[in-house]
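Worksheet for the structure shown next.
The values are calculated or read from the model by the stated rules, or taken from the named source; none is laboratory data. Quick caveat: nothing in here was measured; it's all calculated off a predicted structure. We place every Cβ from the backbone using ideal geometry, glycine too, and count neighbours over all the protein chains shown. For accessibility, only protein heavy atoms count, side chains too; no ligands or nucleic acids. Shrake-Rupley method; radii C 1.70, N 1.55, O 1.52, S 1.80 Å.
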Amino acid sequence: MAFSFNFDIPLQTEEETNDKEKKDDNSKDVHLKCSESSETVPTKMKNAIEHEPLLDPLSHIENWVPETITIGALPPLLFLNESVFEKTAPEREDSEEILAKTLTQNSDLITGVYEGGLKIWECTYDLLEYIDDEGETFAGKRVLDLGCGAGLLGILALKRGASKVDFQDYNSTVIEQLTVPNVFLNCEEDDETEEKNGSPPSKRKALNSSQKLLERCGFFSGDWNSFLTLMQNKTSLPKYDIIFTSETIYNTDYYSSLHSVFCGLLAEDGFVYLATKSHYFGVGGGLHLFEKFVEQNNVFLIKYLKDVEQGLKRHVVSLTFKK
Ligand SMILES: C[S@@+](CC[C@H](N)C(=O)[O-])C[C@H]1O[C@@H](n2cnc3c(N)ncnc32)[C@H](O)[C@@H]1O
């Protein structure tokens, strides 16, 4: 059974969308200051935790066949397809029960329960294409993949020399069963390249390289408010040179917590790269409302970097601190 992309289906024309956005605009008070936290989060959200992955997280996924994404000159990126989760759902340990719930409700999104991380959303590809066009290297940068799902943006940064990449998703199941395995799948690829250039890696060597990889990565689940608190309680507050976030502004109730994470964790000269659809049908969020929210808070400057006109309009924008 295929997942249904509930709010992806373009049921309205672009003109109707603009009318609807204007209406939503009038009906929402999206005013909130940088340091304040969300007051309108709809349900009880999951508390943030840091995950400590096993050194061999791929051992339980032996029979899965990874897929590969190749975009322009970017290194090929491997990932586990969401259909694997559907097929193996009954046998998998899933304390959040998101696999069962998405299947029974036939939905990609259950607010406060499952926020869509098991599949790769199309704006991730837009952002990867933008990075390919710009030739960004990430050498020595600290990167956060916020709302990472499969984690392809963070994985690319890791492969391209980022000094540290933290991956955050709402669901612990996504982090443990998709993001972490994907990071290791791509790292194994790097080991194989090394192998071709020298002797095959011994078990000890492989474990060492896993250890080194894990030192460059952090994995977090839970909602953005408590994620920010968790980071702020660390002995040294991490500040990121780059925050990637793709398809995360569909729900206006989350705007204040998302904005607070940007405020609290972006380095002074850092960039947020945000990829999004113009409008999320059936959920109500979109770039117009988010832009308005950001403007009202008067902390960040938004710049349009890439527009995709085919089908439902999509965009890549950057946010930087106003000087
Ligand atoms: C639609 S998915 C997009 C996944 C991925 N970035 C992509 O483009 O394929 C939205 C992601 O944002 C995260 N997310 C949404 N709302 C959140 C919230 N309130 N707190 C924490 N994470 C949230 C979820 O974990 C989810 O993975």
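Would you pick out the residues in segment 294-315 that are over 19 Å from Val261 (Cα atoms) and surrounded by 15 or more Cβ atoms within 10 Å (Cβ to Cβ)? Answer for segment 294-315, where residues must be over 19 Å from Val261 (Cα atoms) and surrounded by 15 or more Cβ atoms within 10 Å (Cβ to Cβ): Leu305, Lys306, Val308, Leu312, Lys313, Arg314, His315. The set of residues in segment 161-178 being more than 9 Å from the ligand (Cβ to nearest atom), hydroxyl-bearing (Ser, Thr, Tyr) and in contact (Cβ under 8 Å) with a residue 60 or more places away in the chain consists of Ser172, Thr173.
Could you tell me whether segment 68-78 includes any residue that is modelled with pLDDT under 90 and of a type in the set (A, V, I, L, M, F, W, C)? Steps first, please.
First, pick out the residues of segment 68-78 that are modelled with pLDDT under 90: none.
The answer is no; no qualifying residue exists.
Just give me the residues in segment 95-112 being within 12 Å of the ligand (Cβ to nearest atom), in a helix (DSSP H, G or I) and either open to solvent by 30 Å² or more (accessible area, probe 1.4 Å) or of a type in the set (Asp, Glu) (or both), in sequence order. Within segment 95-112, no residue meets the criteria. Within segment 113-160, the set of residues being within 8 Å of the ligand (Cβ to nearest atom), open to solvent by 10 Å² or more (accessible area, probe 1.4 Å) and assigned to a loop (DSSP other than H, G, I, E, B) comprises Glu115, Lys119, Ile120, Trp121, Gly147, Cys148.
Quick grid of which residues meet (1) in contact with a Gly (Cβ under 8 Å, 6 or more places away or on another chain); (2) among the acidic types (Asp, Glu); (3) within 16 Å of the ligand (Cβ to nearest atom):
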| site | (1), (2), (3) |
| --- | --- |
| Ile242 | yes, no, yes |
| Thr245 | yes, no, yes |
| Asn251 | yes, no, yes |
| Cys263 | no, no, yes |
| Tyr273 | no, no, yes |
| Ser278 | yes, no, yes |
| Phe281 | no, no, yes |
| Gly285 | no, no, yes |
| Phe300 | no, no, no |
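Just to be sure before I move on: is Ser210 open to solvent by less than 50 Å² (accessible area, probe 1.4 Å), at pLDDT 95 or above and over 15 Å from Cys148 (Cβ atoms) in the structure I sent? Against the criterion (open to solvent by less than 50 Å² (accessible area, probe 1.4 Å), at pLDDT 95 or above and over 15 Å from Cys148 (Cβ atoms)), Ser210 does not qualify.
Of the residues in segment 285-296, not one is at pLDDT below 95 and of a type outside the set (A, V, I, L, M, F, W, C).
Remark: pairs (first residue in segment 234-251, touching a residue at least 40 places away in the same chain (Cβ under 8 Å); second residue part of a strand (DSSP E or B) and within 8 Å of the ligand (Cβ to nearest atom); Cβ separation under 6 Å; 6+ apart in sequence or on different chains) = Ile243/Leu146; Phe244/Asp145; Thr245/Leu146; Ser246/Ala275. Only residues that are in contact with a strand residue (DSSP E or B) (Cβ under 7 Å, 6 or more places away or on another chain) and surrounded by fewer than 17 Cβ atoms within 10 Å (Cβ to Cβ): list them for segment 266-290, please. Hits for segment 266-290 are Ala267, Glu268.
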